[in-house]
Amino acid sequence: MAHSETHVEGTNYLNCQKGIWSWMTTLDHKRISLMYLFTISFFFFFGGLAALVVRTELFAAGAQFLTPKQYNNFFTIHGVVMVFLFIVPGIPAVMGNFLLPLMIGAKDVAFPRLNLLSYYIYLIGAAMAVISLMPIESLPFINQSFSDWLVHTAGLGGPVDTGWTFYAPYSLAKSGTHSAVIWMTGAAFVLGFSSILTGLNFIVTVHKLRAPGMTWGRLPVFVWATYATAIIQTLATPVVGISLLLVIMERVFGVGIFDPTLGGDPILYSHLFWFYSHPVVYIMVLPAFGVVGEILPVFSRKPIFGYKMVCGATFGIALIGFVVWAHHMFVSIGDTAAYVFSFLTFFVAVPTAVKVFNWVSTMYKGSISFNTPMLYAMAFVFLFMIAGTTGIYLATLAVDVFYHDTYFVVAHFHYTMQGGAVIGLIAALHFWFPKMTGKMYNETVSKITFVLVFVGFNLTFLPQFVLGMKGMPRRYFDYTGLENFDLLQTLHATSTIGAYINALGYFLALVNLLYFFVFGKTKAPANPFNSLSLEWQTQSPPIHENFAETPIVTEWTYGYGTKKEA
Amino acid sequence: MSNPTISNAIESGPPHVHHMDAPTAYHAAKLGMWLFLATEVLLFGGLFTAFALYRYVYFAEFQTASVNLDWRMGALNTAFLIFSSFTAALAVDAAQHGNNAKVRRNVLITLFCGFVFLIVKYFEYKSKVHYGLFPYAVKGFENFLFTGSLFLAIGASGVVIFTHNAKLRLPTILASIALVVSFYFLKHTIATIEFDLANLFPFGHAHHPKDVWEFNGPEFNAAYKSYFGLYYCMTGLHALHVILGMGILFWVYLKALNNRFSPNYYTPVELGALYWHLVDLIWIYLFPLLYLVG
Amino acid sequence: MSNEHKHDNQDVESHDHELGHIVPFKIYVTIFSSLIGLTILTVVVAKAPIFHFGNSINLVIAMLLASVKASLVSLFFMHLKYENPITWMYVFFPIFLLFIMMAGVFIDNPMRTLP
């Protein structure tokens with residue numbers, strides 16, 4: 001291998017080896033992180049376009065330019081691509097891969113080959129998902145007999161229209177329209193495998209590769225968050241793996257597990273699915289908590305408030321997240337179970353509130369500078385508070401029965417996922433951009449894109465809370481003739497306009513970063529934001545081995561405003 | 001990360017990893033394997049949950065349906081798997097003492113037991129298909145056999161080529177071709193072989209009420225379909241793990257052929273054995289659940 | 001390559017500088033014979049008419065015996081007995097989750113009133 005023992009001056013992980021092949025076979029966690037970043041960004045725009053198609057259709061009542069079937073396809077594409085291809089690998093695989101070894105002072109993750117393998121497994125899963133989205137029967141360049149073979153033998157034939165949850169009666173239906181459920185669930189299974197291997201790698205890395213002196217009490221909160229995420233990734237994903245595998249078995253062999261006509265219980269599918277898919281929202285949002293926990297102290301020049309509580313709350317959320325899954329199914333499960341799960345769900349609010357309190361207290365009386373990452377982090381705290389409090393509404397059994405399957409749920413979900421996970425990812429990309437690329441970006445442009453994202457996001461999803469409260473059901477193709485029609489019309493139109501602004505904001509933000517990555521002239525110093533954590537103590541971008549010498553940690557990461565700062 | 005120029009030489013130290021020392025690498029690999037086993041427990045956990053629920057809901061039907069499984073076949077397979085687990089543990093012990101010949105011997109016995117397990121399983125499935133207890137029309141079981149041997153041969157050749165053992169490359173490829181060709185010509189003959197423990201041990205009674213229970217007939221109601229669906233999913237997934245475990249142990253065997261193991265380095269034997277023990281553990285629960293208490 | 005960093009963290013991984021524990025051969029043989037014995041016991045309890053206490057009780061007995069066997073395999077064949085607390089945690093936490101999953105399913109379906 002070409003791991004140079006002697007470090008050549010002026011080289012870094014980006015230029016130490018040249019050529020596509022050196023990237024494709026790299027075992028360097030930093031390069032793998034960048035490969036993930038480019039892949040998930042592609043799928044982010046792909047899923048975003050599907051969302052814009054859905055929003056455009058809903059701009060006015062009545063059919064605009066889609067058929068109801070195509071509408072179902074598009075919201076399913078949006079959900080599947082965003083959840084399985086973008087957010088789940090989002091912060092853990094991109095930021096976790098890049099930062100985890102750097103933050104604990106290791107040279108790499110514990111199993112570099114496994115890390116590369118997870119990336120390729122992710123690519124295989126992504127390819128399966130993309131193949132399953134092809135509308136085979138309407139492709140002009142495929143002849144009739146080949147198209148028949150693809151549809152009837154290979155199980156392809158058009159995007160899935162089950163929604164991203166693949167709920168049992170929909171995903172098992174064989175009659176009528178063809179759709180590539182087998183391929184899509186297979187893709188989700190493969191992507192889950194990639195997620196498991198990444199999580200496993202991170203857990204072992206944190207246990208075995210911490211630098212001398214990097215005790216558990218000195219770990220940055222991002223490492224704690226990534227570790228908690230990794231536990232969920234490793235232990236929750238197999239359950240969805242088996243439930244998707246059973247759906248495939250059921251479609252291929254006709255065994256009766258979930259199909260009521262074959263003696264199955266479709267609600268069991270929902271149980272197994274949500275046993276993964278509720279913890280999975282913490283896979284998405286916990287690393288974002290970690291990111292915010294890193295950004296706020298740096299730009300407030302204050303130690304993080306209640307470090308132990310922050311780390312404990314991270315684990316509290318991860319653990320409680322395992323016992324609340326059935327609150328997604330309040331209207332389909334029995335009464336006893338609904339009471340129990342409603343009761344348990346309230347407990348998630350406690351550690352979450354602890355975290356919000358700690359973030360706000362970290363900023364309190366700090367000397368805050370409003371750089372772009374800080375703006376995103378503060379937006380995160382604000383948006384996540386709305387997301388959390390509306391979550392309480394949905395945890396309450398009586399209220400949820402009313403709000404179930406309305407736009408209120410859609411809005412709540414997007415406030416947590418987009419206002420939480422995506423804003424967290426964008427904040428992280430801005431904050432660690434100098435470290436990852438060795439360049440600086442233009443602050444003014446970044447701030448403009450921030451305003452677009454923030455305004456666009458709220459314009460899209462605040463009206464959706466009202467839509468839900470006024471009784472607009474989710475996943476409806478048309479809302480002509482519903483109660484409060486005029487109000488619904490106005491709110492839908494507002495939401496669509498907001499979606500366009502939001503999309504423009506994200507597009508400009510990422511193009512801005514990409515432009516300065518490729519063409520940027522300003523070289524970044526090793527530590528432009530004057531952070532104390534370990535990844536900033538090596539050069540920007542880091543050398544292939546991360547640190548010229550193994551660092552020895554003697555202090556806590558968050559000593560801002562204390563003796564260490566001159 | 002061994003140096004390519006010396007990778008064919010016989011060496012018995014741990015491979016050099018650039019980012020951690022050897023004992024850390026050993027413990028990291030073992031923790032990683034335990035975590036992977038944890039995911040396997042939860043993977044099968046979904047199936048166990050489904051089984052528990054349907055056994056509760058369709059209590060009487062599950063009792064009746066489970067009689068169709070021959071517990072003697074299950075017990076035989078349990079014994080084989082426990083013995084193979086024992087030899088796998090002995091292989092680790094041998095590697096810890098640096099005795100590569102003993103590692104090879106124990107791994108071969110383990111592989112043999114795994115193979116016997118699969119053969120017994122094959123005859124069980126075959127009898128179920130014969131009595132119409134399989135939920136899907138399977139025609140040409142012999143083609144299934146042929147495809148299986150093809151994958152086995154490709155996998156084995158792949159493992160040998162992947163381990164860079166120049167001495168073994170040609171013999172393995174030839175043996176693989178011979179295996180595939182002989183299976184192709186003998187598949188019809190093999191498919192006619194019958195094996196039923198009831199002929200050897202005529203006590204107990206596993207009845208196959210062929211004329212009553214056509215799978216899609218009116219008597220064979222949804223509950224029975226549930227039972228057999230779960231039976232095939234659970235044992236099928238387990239059999240897949242047996243095959244994967246055999247693949248890993250075969251790779252360990254090839255390393256032992258190169259005398260790669262020493263008291264300082266035996267990580268692959270330990271990891272392969274851990275995986276194999278998990279296969280045994282799952283079966284320890286599957287056997288009473290499916291064959292004995294229903 | 002010789003200058004690898006050492007892990008001097010004073011926590012559970014502090015004994016990481018040696019490899020795994022060597023179990024005496026006699027223990028392996030004992031465990032193997034107990035496993036075979038327990039398998040025979042499982043079959044006898046399930047099949048012999050005098051041990052028929054009712055389906056639920058027999059299920060519990062069978063699962064308990066299986067758990068004893070599984071513990072023997074994991075403790076001695078898999079060397080779990082000599083592993084550090086981290087490994088123990090990652091053995092028990094998934095099993096705990098499995099029980100949570102079953103509990104969640106069982107407080108729903110059997111107590112659900114179907115139309």
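Values in this text are rule-based calculations from the coordinates and carry no lab data. Bear in mind the structure is a predicted one, so any value in this text is a computation, not a measurement. Because the Cβ atoms are built from the backbone with ideal geometry, glycine has one as well, and the counts that use them run over all protein chains shown.
Before moving on, here are some points about what is shown:
- Rounded, prolate or oblate (a/c below 1.5 giving rounded, otherwise prolate when a/b exceeds b/c) for chain A by Cα gyration tensor: prolate
- Estimated FRET transfer efficiency when R0 is 56 angstrom, pair A:Asp486-A:Lys523 (beta carbons, to 0.05): 0.50
- 10 °C / 1.306 mPa s Stokes-Einstein diffusion coefficient of the stretch A:329-377, Kirkwood radius on C-alpha pairs, µm²/s: 114 µm²/s
- Note on B:Thr192 and A:Lys18: the model spin-label points, each 7 Å out from Cα along the C-beta direction, lie 6.8 nm apart.
- Cα gyration tensor category, rounded, prolate or oblate, for the protein assembly as shown with a/c compared to 1.5: oblate
- Note on B:273-282: average number of Cβ atoms from other chains within 10 Å of each residue's Cβ is 4.
- Using a Förster distance of 45 Å, the FRET efficiency for A:Ser367-A:Phe346 (Cβ separation, nearest 0.05): 0.75
- Partner shielding of C:77-88 amounts to 5, given as the average count of beta-carbon atoms from other chains within 10 Å of each residue beta-carbon.
- Cross-link reach list, lysines versus A:Lys447, counting only Cα pairs under 22 Å and skipping chain neighbours closer than eight places: A:Lys435, A:Lys439, A:Lys521, A:Lys523
- Cα shape, the stretch A:22-154, gyration tensor, a/c 1.5 rule: oblate
- Loop-located trypsin sites (Lys or Arg not before Pro) in the stretch A:501-566 whose Cβ has at most 14 other Cβ within 10 Å (DSSP): A:Lys521, A:Lys563, A:Lys564
- At most 14 other Cβ within 10 Å, DSSP loop - chymotrypsin sites (Phe, Trp or Tyr not before Pro), the stretch A:265-369: A:Tyr364
- Helix runs (DSSP H) in chain A reaching 24 Å along axis by Cα, Kyte-Doolittle at least -0.5: A:29-58, A:112-133, A:181-208, A:221-253, A:266-300, A:372-395, A:443-469, A:485-519
- Exposure proxy for B:Thr64, A:Thr261, A:Thr557: other Cβ atoms within 10 Å of each Cβ, ordered fewest to most, give A:Thr261, B:Thr64, A:Thr557.
- A simple spin-label model places pseudo-atoms 7 Å from Cα toward Cβ; at A:Leu514 and C:Tyr82 they are separated by 5.5 nm.
- Shielding of A:329-341 by partner chains, average beta-carbon count, 10 Å: 4
- Computing FRET efficiency as 1/(1 + (r/R0)^6) for A:Phe146 and A:Phe45, where r is the C-beta to C-beta distance and R0 is 35 Å, gives about 0.70.
- Sites count as exposed loop sites when they are GluC sites (Glu not before Pro), lie in a DSSP loop, and have at most 11 other Cβ atoms within 10 angstrom; the longest stretch of chain A without one is A:10-482.
- Sparse-neighbourhood loop sites, chymotrypsin sites (Phe, Trp or Tyr not before Pro) in the stretch A:89-197 - DSSP loop, at most 14 other Cβ within 10 angstrom: A:Phe141
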